[in-house]
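To start, the structure itself, in structure tokens.
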Amino acid sequence: HNLALVSAHYVTPAADWPSNYGLVGFTSWNGPDAGRLPEDVERFLDDGPPPVAVTLGTSGATARPDVFERVADALDETGSRGVFLTSNAAVTDRLRAAIRPLHGVWPFVPLAPLLPRTCGLVQSGAHGTNAIALEAGVPSVVVPCLFDQLWHARRQDELGTGIWARRRRHIPNAVQRLLQDNTLGEQARAMSAQLATEHGAHTACNEIEA
């Protein structure tokens with residue numbers, strides 16, 4: 001028996017899939033400390049309007065740290081704030097020196113409690129991050145780095161819950177659309193309402209025990 005940790009509202013089974021599969025729903029992780037935000041992050045969020053969260057995962061942040069700076073420049077054009085999650089200390093130090101203090105930079109912040117307090121997400125399309133964004137009802141700009149991330153970028157674009165930034169030069173326009181296109185937020189919230197009816201980890205455990 002094959003279990004796919006993904007929602008049937010998000011994935012359409014292919015005709016050549018084996019018959020012994022089940023889509024159990026996403027199995028997202030709330031993060032450490034029961035999903036609470038650090039105090040300094042809470043203060044940043046309280047000090048202004050909802051920011052755009054930016055995370056590229058460990059591999060993406062290490063291989064393409066300039067993407068963070070491109071996003072920061074795009075946010076500066078619109079006067080918007082960003083929360084940048086850099087995955088490592090070296091990129092954190094570089095980014096803090098390169099961008100305006102209007103933005104917040106941390107190596108890690110749990111996404112589950114963070115995203116409901118943001119107006120959008122720039123992400124790599126990693127499966128776990130993508131799932132949390134969809135569950136939170138937050139629209140995304142997806143800047144993929146690996147093959148599975150490319151699939152998620154395309155799927156977000158198809159569903160109207162996000163924008164696939166195919167090249168780095170497309171990032172500024174994608175960020176601007178993320179902030180201005182209300183349809184993206186509507187579609188993301190509609191997906192979130194559908195996902196709220198599922199309990200992926202619980203369903204997967206029941207299937208495994210059975």
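The values are calculated or read from the model by the stated rules, or taken from the named source; none is laboratory data. Source: prediction; values computed, not measured. Methodologically, a virtual Cβ is constructed for each residue, glycine included, from the backbone with ideal geometry; neighbour enumeration extends over all protein chains shown. What goes into the accessible areas is simple: the full protein's heavy atoms, side chains included, and nothing from ligands, DNA or RNA. Shrake-Rupley method; radii C 1.70, N 1.55, O 1.52, S 1.80 Å.
Brief remarks follow.
- Considering only Ala136, Ala72, Ala14, the Gaussian network model of the chain with Cα springs below 10 Å gives its largest mean-square fluctuation to Ala14.
- Charge dipole (debye, nearest 20) of the chain; +1 at Cβ of Lys and Arg, -1 at Cβ of Asp and Glu: 640
- Between 0 and 90°, nearest 10: helix 127-136 axis offset from the chain longest Cα axis: 80
- Carbon and sulfur %, accessible surface of the chain computed with the full protein complex present, 1.4 Å: 51
- 0 to 90° range, to nearest 10: angle between helix 182-195 axis and the chain longest Cα axis: 40
- The C-alpha atoms of the chain define a longest principal axis, and helix 89-98 lies at about 40 degrees to it.
- Cβ-Cβ distance of Ala98 and Glu158, R₀ of 35 Å, FRET efficiency by 1/(1 + (r/R0)^6): the value works out to about 0.55.
- The residues of the chain expose, per residue, 50 Å² of accessible area to a 1.4 Å probe.
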